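Here's the structure, in structure tokens; my notes come after.
The values are calculated or read from the model by the stated rules, or taken from the named source; none is laboratory data. Note that the structure is a prediction, hence the values are computed from the model and not measured. Reconstructed Cβ throughout: ideal geometry from the backbone, glycine too, with neighbour counts over all protein chains shown. Just so you know, the surface numbers come from the protein's heavy atoms only, side chains and all, with ligands and any DNA or RNA stripped out. Shrake-Rupley method; radii C 1.70, N 1.55, O 1.52, S 1.80 Å.
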Amino acid sequence: MQNILEELCNSPDGLLFIFDGLDEFKDTIDFGDNRRNTEPQDRKQQQVPKTITQLYSYYIYNILKNHSREIENPRDVLLKIGEMAFTGVSEKKIVFRDGDLIEYNLQPSQFLSGFLMELLERDDSVQSVVYTFPHLTIQEFVAALTQFLTPDPRDIRHLLSDAHSEEDGRFEIFLRFVAGLSSPQATRPLEEFLGEIGKSATGKRNLLNTLHYLFESQSTILARTTVGSVETLTFSGLRLMLIDCAVLSQTIGLCETLKELDLENCYIQIEGLQCLGPVLHKCQELRLGINKLGDSGVKLLSAALRNPDCKIQELGLNENGLTDSSAEDLTSTFCTNRSLTVLDLGNNKLGDSGIKLLSVTLRKPDCGIEELMLTNVGLTYSCIGDLASALSTNRSLKFLNLGYNKLGDSGVKLLSAALRNLACEIQKL
């Protein structure tokens, strides 16, 4: 039995059979036991996979959906299965015994049977049970998924080094799955049962490395096929070098469906923003907080906001060393931009002069800002009269955050008078 399995799993024809077979039937079947009568809600959630990695994610999703209730913590058990699978990939091992299950603290169960098949092995007239994944590619996928579940993920660079040092290509399919799982679209179905996947710094670095590989390929067709349908790119907390920003700019340029770009606390500074500037207008949610952009950075962003194709609806610029000069640049774009509705300028040094400039724009009938965060911006009583006047005439602003400013009692009285005005649309202050 082991020889047959090894022949199938190591055969290129066998590998192609699995991939081609899955691809052929992916639109008509759900993997798992008796899945043909899937509820409409499940079908809506399980959109047609666009990559092999996404296809395997739905395979695991169905196992979790139908067996996760049998165990207390599916994530922990899947992590143990994945560790055993990774050891198998490293050692070219596809058959596991009771001793292997004991080593990884795994107990035979219906949940485990969704991942491992039980086989009877005969040796000198003695029968024993052994375990194997339905196919080597499934073992490789589960092993790759473990890299995004473990609290201390392995460094992808070490894995790449190992892959290049092994001339037999044992890590080849595994690393393809690692690259595929760097995409949020591939892991999203599994998060219902496993929680957040791939949001660690290592997961973000893995994704960035994948984008670098695509950049190095200089194949627009390959890159567009890979990232063209990406909706979310999150790198918050990951320090990005200038070359990273250049690669990311090319990626965004190829994305047709990008909704959210999170670069908060990535230390991109003005140089990185110059690389990204020409494509930022394509995002709907753009988070650039804590990046030391300064007033010169806002000038670059203003160009993106004035772009007639700008899609930016939410913009985060908190804690960037901005002054009243930035407020002037931003207000010049509000009357031409028709997309921006949420703006976070918290923890900047706008001062009273900056708030007065914003107030002038808020009084204009074509201003579409609905949520404005002005937390800790150096606001005092001297500019409250201008802000209160804007609140009495503005028709769009619904949410205003003025926390950690020195309004004083007299400033609050002015605001209260504006809130009593029937024309004021503020719902949360």
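What the table below lists for this structure:
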| read-out | value |
| --- | --- |
| Selection count, the range 361-395, where residues are more than 21 Å from LYS428 (Cβ to Cβ) and assigned to a loop (DSSP other than H, G, I, E, B) | 4 |
| Exclusive hit being under 27 Å from GLY277 (Cα atoms) and more than 31 Å from the chain's Cα centre (by Cα), set ASP366, ASP344, ASP386, ASP329 | ASP366 |
| Residues being charged (D, E, K, R), closer than 19 Å to GLU118 by Cα and at pLDDT below 90 - total across the range 62-91 | 1 |
| Candidate set from the range 247-265 (those that are more than 17 Å from ALA304 (Cβ to Cβ) and touching a helix residue (DSSP H, G or I) at 6+ places or on another chain (Cβ under 9 Å)); member that is least open to solvent (accessible area, probe 1.4 Å) | VAL247 |
| Qualifying residue in the range 420-427 (condition: in a loop (DSSP other than H, G, I, E, B), buried (at least 20 other Cβ atoms within 10 Å of the Cβ) and aliphatic (A, V, I, L, M)) | no |
| Residue pairs meeting the criteria (Cβ under 8 Å; at least 6 apart or on separate chains; first open to solvent by 30 Å² or more (accessible area, probe 1.4 Å), in the range 66-79; second in a helix (DSSP H, G or I) and modelled with pLDDT of 75 or more) | GLU70/GLN110; GLU70/PHE111; ILE71/VAL77; ILE71/PHE111; ARG75/PHE193; ARG75/LEU194; VAL77/PHE111; VAL77/LEU112 |
| For VAL298: the one exception among (1) touching a Ser or Thr at 6+ places or on another chain (Cβ under 7 Å); (2) open to solvent by 60 Å² or more (accessible area, probe 1.4 Å); (3) hydrophobic (A, V, I, L, M, F, W, C) | (2) |
| Some residue of the range 269-289 being within 22 Å of THR53 (Cα to Cα), open to solvent by less than 20 Å² (accessible area, probe 1.4 Å), out of contact with any helix residue (DSSP H, G or I) (no Cβ under 8 Å at 6 or more places or on another chain) and in contact (Cβ under 8 Å) with a residue 24 or more places away in the chain | no |
| The range 359-386: number of residues that are open to solvent by less than 50 Å² (accessible area, probe 1.4 Å) and either at pLDDT 95 or above or closer than 21 Å to GLU319 by Cβ (or both) | 10 |
| Flag for SER236 being among the small types (Gly, Ala, Ser), surrounded by 15 or more Cβ atoms within 10 Å (Cβ to Cβ) and at pLDDT below 85 | no |
| Residue check, SER90 closer than 25 Å to SER182 by Cβ, touching a Pro at 6+ places or on another chain (Cβ under 6 Å) and polar (S, T, N, Q) | no |
| Cross-chain or 6+ apart pairs with Cβ under 8 Å, the range 390-406 first and in contact (Cβ under 8 Å) with a residue 40 or more places away in the chain and under 8 Å from LEU374 (Cβ atoms), then aliphatic (A, V, I, L, M) and not in a loop (DSSP other than H, G, I, E, B) | ASN401/LEU372; ASN401/MET373 |
| When residues of the range 116-158 are limited to those that are part of a loop (DSSP other than H, G, I, E, B), more than 20 Å from LEU181 (Cα to Cα) and open to solvent by 20 Å² or more (accessible area, probe 1.4 Å), the one modelled with the highest pLDDT | PRO134 |
| Members of the range 276-290 that are touching an Asp or Glu at 6+ places or on another chain (Cβ under 9 Å) and of a type outside the set (Val, Ile, Thr) | HIS281, LYS282, CYS283, GLN284, GLU285, LEU286, ARG287, LEU288, GLY289 |
| Looking only at the range 169-194, and only at residues there that are open to solvent by 20 Å² or more (accessible area, probe 1.4 Å) and outside any helix (DSSP H, G or I), the one that is modelled with the highest pLDDT | ARG170 |
| Failed item, numbered, when ILE102 is tested on (1) assigned to a loop (DSSP other than H, G, I, E, B); (2) loosely packed, with under 13 Cβ neighbours inside 10 Å; (3) of a type in the set (Val, Ile, Thr) | (1) |
| The range 214-229, subset in contact (Cβ under 8 Å) with a residue 12 or more places away in the chain and not aromatic (Phe, Trp, Tyr), residue surrounded by the fewest Cβ atoms within 10 Å (Cβ to Cβ) | THR220 |
